[in-house]
Amino acid sequence: MNKLLFVILYRLHIKLQPYYHKKYQSSLTPCYPNTVIFSHTYIEGAALIKSIIYKDNEWNHIKHISKFMWNDLYRNRFLQYTNKEDFIDNICPENKIQRKGETIVCESHNQINDWIFLRIPIQGQTTYSFEFKAIIHSVNTEFQLAFNYQSISKRYRFNLVNNRELNFDIINDGFFLNSLMSTPLSLEIGVQHEFKLINTPQNIQYIIDQNIVMSLRLEKPYLTHGDIALIAWDSQNSNIKVEYSDLKNEDWYNNVTLCIKCRSGFTSFRLTNLFKIFRT
């Protein structure tokens with residue numbers, strides 16, 4: 001690519017960031033959905049641990065993440081990076097994890113840009129829950145639960161940053177659209193916590209230790225399906241140790257979720273409540 005053209009497009013990318021952030025943020029609203037489940041199937045424990053695809057900072061997709069982002073924004077092939085070697089999905093030796101039955105232990109120290117990336121295939125589900133337990137032994141730059149994961153540059157995530165703030169982010173269209181919704185959050189280190197994601201195409205809940213810590217509605221669902229990824233990342237002088245256990249994925253179908261907008265925001269009603277409204 002011509003250097004002058006690259007500089008122009010790079011500056012355009014920076015200029016577009018606030019526009020995309022505002023666009024995505026305007027589609028988010030706090031919401032507390034009620035989901036009626038008629039039937040479901042699930043997979044859990046050792047089967048999920050066995051299915052995990054391990055990657056780390058030696059993965060080409062992480063090494064060249066900026067090129068993935070660029071190609072998502074500039075989709076004309078004449079403007080894209082085309083070196084195929086940069087996009088090879090290479091295998092990473094499992095140097096930073098140990099699988100132990102229904103538990104997986106992740107540990108890495110003293111690295112820069114240190115990633116531990118655990119991808120869990122969920123076979124195209126669009127309405128599901130995913131839950132796990134985790135002991136976080138140290139404060140990390142990011143402790144992520146990514147979902148609707150389609151690629152390193154296309155995913156939603158709940159991201160606990162420096163054990164101080166929980167953010168809902170969307171990575172899409174060539175941008176990290178961070179902190180679209182945020183709330184202060186700190187978890188006790190060295191103690192087991194329970195995590196649960198409830199995901200439908202528009203309504204999303206994140207539950208920690210049986211408390212809803214974030215619940216939102218996407219007026220426009222940008223990514224409607226994809227895998228789960230558990231990600232720990234430290235930017236410098238890494239000190240990562242996380243123990244995951246009791247993983248469970250429930251695939252829900254024939255469900256009904258209602259989230260009705262009112263003047264004060266969004267509220268939710270079960271079908272029986274809705275029928276009462278119609279009768280009055």
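The values are calculated or read from the model by the stated rules, or taken from the named source; none is laboratory data. Since we're looking at a predicted model, the values are computed, not measured. Neighbour counts are summed over all protein chains in view; Cβ atoms, including those assigned to glycine, are modelled from backbone coordinates with ideal geometry.
Couple of notes before you dig in:
- Residue 41 satisfies every condition listed in (1) assigned to a strand (DSSP E or B); (2) modelled with pLDDT of 75 or more; (3) exposed (fewer than 15 other Cβ atoms within 10 Å of the Cβ) except (2).
- Conditions (1) among the charged types (D, E, K, R); (2) modelled with pLDDT of 95 or more; (3) under 27 Å from residue 25 (Cα atoms): number failed by residue 241: (3)
- Number of positions in region 95-110 that are over 14 Å from residue 132 (Cα atoms) and modelled with pLDDT of 95 or more: 10
- Which listed residue is surrounded by 14 or more Cβ atoms within 10 Å (Cβ to Cβ) and either more than 25 Å from residue 21 (Cα to Cα) or not charged (D, E, K, R) (or both), from 91, 62, 112: 62
- Subset of region 145-181 that is over 14 Å from the mean Cα position of the chain (by Cα) and assigned to a strand (DSSP E or B) - its residue that is surrounded by the fewest Cβ atoms within 10 Å (Cβ to Cβ): 165
- Taking each residue of region 123-151 that is at positive phi and of a type in the set (S, T, N, Q) and looking for partners that are modelled with pLDDT of 95 or more and not in a loop (DSSP other than H, G, I, E, B) with beta-carbon atoms closer than 6 Å, six or more apart or interchain, yields 148/156.
- Search result, residues across region 62-121 that are aliphatic (A, V, I, L, M) and assigned to a strand (DSSP E or B): 97, 104, 105, 116, 118, 120
- Pairing each residue of region 97-111 that is among the basic types (Lys, Arg) with any residue that is surrounded by fewer than 17 Cβ atoms within 10 Å (Cβ to Cβ) and not in a strand (DSSP E or B), provided the two are 6+ apart or on different chains, yields C-beta distances under 8 Å for 99/50.
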